[in-house]
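I have placed the structure first, in the form of structure tokens, so that the comments after it can refer back to it.
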Amino acid sequence: QFFVFCHGLLQLSQLLVSGYLKSSISTIERRYGLSSQTSGLLASFNEVGNTLLIVFISYFGSRVHRPRFIGCGAILVSLAGFLMSLPHFITGPYEYDQSIASMLSNTTDLCEPGVPRSQRNLSDAGCTPHAARENHEVLLVMFVAQALLGIGGVPIQPFGISYIDDFANERNSPLYLGILFSVTVIGPGVAFMLGSAMLRFYVDIDKVTGDGVQLTNKDPRWVGAWWLGFLVAASLVAVSAVPYFFFPREMPKEQIKRINRYGDFPLVLLRNLRHPVYLLVVLAQVNLSAMVAGLATFMAKFLERQFSLTASLANMIIGAVNIPGAMVGIVVGGAILKRFQMSLRQCSAMCVLGMFLCLLVAFPLLFLGCPTQKVAGVTYSESSEFGHHALECNLQCNCPEKAYNPICGSNGIEYISPCSAGCGGVNINADNNSVLNYTNCSCISENGLVGFAKPGTCGTGCSHLVLPFVVLSCLAGILASTSHTPSFMLILRSIQPEDKSFAVGIQFMLLRVLAWMPGPVLYGSAIDTTCILWEKKCDRKAACRYYDNNLFRQRYLGLQFFFEVGAF
């Protein structure tokens, strides 16, 4: 029982490390200028180390000191977690364009007609060879950390499960494994909640004093303390690893089960892959897993962009609503199976029904959303309304091209920076040095008067749709996950008993290779195609500033719908 407790704790903290990355992915993109394709590859990279080794490890499972192997794996995972946060400590503070001259820079992004463009380098200042190299180092460290995370995680689940199954009383074994299974489902939820808590703090909380931060967490330039969560999760893993070095190689228990040897590896493989039920169920699970992989990685980012939520709130919704919903679905599916003692045909009918209902509920999601707000020069050109006056309104300002400090004009149009709106003045709140509003903006005219602007984005005006969206997506998740347990039963009952552990191993490997690895990359690439304004860093594309929200929604949720149809 102590082993089960330790193993539950270890699995939870291991999932915290891998799940936390998904909760802070939009923040890391913004901080280090990554495209969604790159961040999707990063998120799925831990599966690479994992897949390469999992077959060997399951094969040698019975010949090694399992608890010690688990302990070593856990130490690797903990190292990986600390490595993930390293980029924060080796790079300088986060820089963004400011309207208030500070110790760091004396240039601002206001309209200053006398100042030539060459002196207003703003965010381009960091474009030295050193900065470019720094960015490569950051990516390298993170990819190495993800690979280590995958390798360290290899012995944890298979060895833990087989160790418990070998030495637990046959009557209690299902209970113990059930406990562990529920932990693996709760884990990601806890990770998103951790993300929600950490992203409320400013990223450089350890480098700058409170009054040096002029951003609120609603600002589109806000970057939360993404690295803090990795330190928390990695420390937890390190603590949970300790007891494993003190467990015996074998425990005295009733009887030890006969352990499978896979001498005729290729033969068994072919026999299972030729089995139609096994193959079809695994293919359905591949579709579902690909959907979940994309969902888990980019759902928070989608909510942030589509409904103008803070990263913290988006994570809170996923951790407190969507993931518990999926748990409910899994439990309900298992309960129905147990209650009605279903045959294999009824199991498959239940899977089909669950997926069909999921499709019905998920379809309306494609239409719940709003277009991108009007952004001058990006999604909207004023020349159509005011003749050509609007285009020249900021010519005398010599605006730096790269400036990004969105403001919302009193005319309801968003501008990329105060300079591009021709704003010459700024009012500052003396207490905390934050911007109250921008005045004297030559591009913003209302009834012939020169307008003003508020700092921050105008937002998509979509907040009224958040609730229906979350309710429907949660329902769709519950319905889809009712097919989880029956689909496992289909696999376990349709193959020969002696192939069981091997078949499950092959199933997990296929899910990894066909769904968990390519899924996030596929979703990230699809999201990138909907970007309408890229941040430029040293003449290369960095993170995306604005998406075409309608396209983002259609491609992101469309891909998800495609996989749901595939599973159905």
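The values are calculated or read from the model by the stated rules, or taken from the named source; none is laboratory data. Being a predicted model, the structure only gives us computed values, none of them experimental. Here the Cβ positions follow ideal geometry from the backbone for every residue, glycine too, while neighbour counts run over all protein chains shown. Each accessible area value is taken on the protein alone, full model and side chains, heavy atoms only, with ligands, DNA and RNA left out. Shrake-Rupley method; radii C 1.70, N 1.55, O 1.52, S 1.80 Å.
Some observations on this one:
- Test result for residue 85, within 30 Å of residue 238 (Cα to Cα), modelled with pLDDT of 90 or more and open to solvent by less than 70 Å² (accessible area, probe 1.4 Å): yes
- For the stretch 191-213, residues that are assigned to a loop (DSSP other than H, G, I, E, B) and open to solvent by 40 Å² or more (accessible area, probe 1.4 Å) total 7.
- Given (1) open to solvent by 10 Å² or more (accessible area, probe 1.4 Å); (2) among the polar types (S, T, N, Q); (3) farther than 30 Å from residue 128 by Cα, number of the condition residue 529 does not satisfy: (3)
- Subset of the stretch 163-182 [of a type in the set (S, T, N, Q) and under 27 Å from the mean Cα position of the chain (by Cα)]: 182
- Residue selected from the stretch 548-568 under the condition charged (D, E, K, R) and more than 19 Å from the chain's Cα centre (by Cα), by the criterion most open to solvent (accessible area, probe 1.4 Å): 548
- For the stretch 425-434, taking the residues that are within 16 Å of residue 97 (Cα to Cα) and among the polar types (S, T, N, Q), the one that is surrounded by the most Cβ atoms within 10 Å (Cβ to Cβ) is identified as 434.
- Positions within the stretch 14-37 being small (Gly, Ala, Ser) and either assigned to a helix (DSSP H, G or I) or surrounded by 24 or more Cβ atoms within 10 Å (Cβ to Cβ) (or both), in sequence order: 18, 19, 23, 24, 26, 36
- Close Cβ contacts (under 7 Å, 6 or more residues apart or on different chains) running from residues in the stretch 131-152 that are within 22 Å of residue 93 (Cβ to Cβ) and assigned to a helix (DSSP H, G or I) to residues that are open to solvent by 60 Å² or more (accessible area, probe 1.4 Å) and not acidic (Asp, Glu) comprise 137/90; 141/86.
- Count of residues meeting criterion [surrounded by 18 or more Cβ atoms within 10 Å (Cβ to Cβ) and of a type outside the set (S, T, N, Q)] in the stretch 435-465: 12
- Positions within the stretch 412-424 being open to solvent by 20 Å² or more (accessible area, probe 1.4 Å) and more than 35 Å from the chain's Cα centre (by Cα), in sequence order: 424
- Residue in the stretch 166-186 that is surrounded by 14 or more Cβ atoms within 10 Å (Cβ to Cβ), outside the structural domain of residue 325 (by the TED database), at pLDDT 85 or above and part of a helix (DSSP H, G or I) present: yes
Condition check ((1) modelled with pLDDT under 90; (2) crowded, with 22+ Cβ neighbours inside 10 Å) across all residues:
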| position | (1), (2) |
| --- | --- |
| 318 | no, yes |
| 324 | no, no |
| 343 | yes, no |
| 348 | no, no |
| 354 | no, yes |
| 357 | no, no |
